[in-house]
Amino acid sequence: MAVLKLSTPGVYVQEISTLPPSVAEVETAIPAFIGYTEKADRLVAGDLVMIPNKIGSLSDFEQFYGGPPTESDDSITITVKDSGNNQYEIICGYDTSKRSKYCLYYSIKHFYDNGGGTCYIVAADTFKTPGVVSKDKLKSALDVIKDVDEVTLLAIPETPAIDQSDGGNAYKEVVNAMINQAYDLKDRFAIIDPYKVTAKNSVDPNGDI
């Protein structure tokens, strides 16, 4: 506590705070999401492609980057099978062939549905552009986030959608680039999506379950 020094006679008032010092709330983790979006527009069409952009809500994302891919069909079918004696079997499923490979929008939605705050977006390209998920574009987008000091997490949810005809080598290139950036900078870490998921109790034809 500071001591009030009196140099001349008189009446002095010293205020002493009884409240604890306030603690400013700060972000503890700021992710960077990289992937494909419906658009990437701030002032003109495409001016946010390969540009780190800080947002604070799902509405911000939709303003700059649009919504989910419209060709995706994520509907679920439910079949109830009567086995008799009040025994029923309920089977849920969906057609994976109708599932879009562009899932960045859903990752952002889940992030904010679960209380997410500030994050950075880097649009590698728009999914309106014909083609596949490109490892080169994802790696280039990863490079541009390298100099953003605020970032503490790296996420590229569409990495598993890279063409796997090469045995997963393109996937590994992107994953290794994420890990190397985290290792080199030592101020962030990478969230890795699995290359593929094998159904329970099934046999992997490649033998690497």
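Give, rounded to the nearest 20 debye, the magnitude of the charge dipole that the stretch 31-191 has about its Cα centre when Lys and Arg contribute +1 at Cβ and Asp and Glu contribute -1 at Cβ. Walk me through the numbers before you get to the answer.
Details: 16 positive and 24 negative charges, 25 e Å.
My answer is approximately 120 debye.
Cα-Cα over 20 Å: which of Lys101/Lys172; Lys39/Lys186; Lys39/Lys109; Lys81/Lys101?
Lys39/Lys186; Lys81/Lys101
At what distance in nm do the modelled label points of Ser59 and Asp184 sit from each other, each positioned 7 Å from its Cα along Cα→Cβ?
So the two model labels end up 3.9 nm from each other.
What distance in nm separates the simple spin-label points at Asn114 and Thr28, each placed 7 Å from Cα in the Cβ direction?
Going by the 7 Å Cα→Cβ label model, 1.5 nm.
Between Lys128 and Asn85, how many nm apart are label points set 7 Å from Cα along the C-beta direction?
My value for the distance between the label points is 6.0 nm.
Estimate the FRET efficiency between Val148 and Asn169 by the formula 1/(1 + (r/R0)^6), using the beta-carbon distance for r and 35 Å for R0, to the nearest 0.05. Before the final figure, lay out each step's value.
On the way: r = 28 Å, r/R0 = 0.80.
Calculated value: 0.80.
Using alpha carbons only, how many angstrom separate the centre of the stretch 34-67 from the centre of the stretch 145-172?
Taking the Cα centre of the stretch 145-172 as reference, the centre of the stretch 34-67 is 18 Å away.
Treating the Cα atoms of the stretch 31-191 as identical point scatterers in vacuum, please give the log10 of the normalised Debye intensity I(q)/I(0) at q = 0.17, 0.18 Å⁻¹, two decimals.
Log10 of I(q)/I(0), two decimals: -1.00, -1.11.
Rule-based calculations on the coordinates, nothing more; no lab input. Predicted model only: the values in this text are computed from it and were never measured. All Cβ positions, glycine included, derive from the backbone under ideal geometry; neighbour counts span all protein chains shown.
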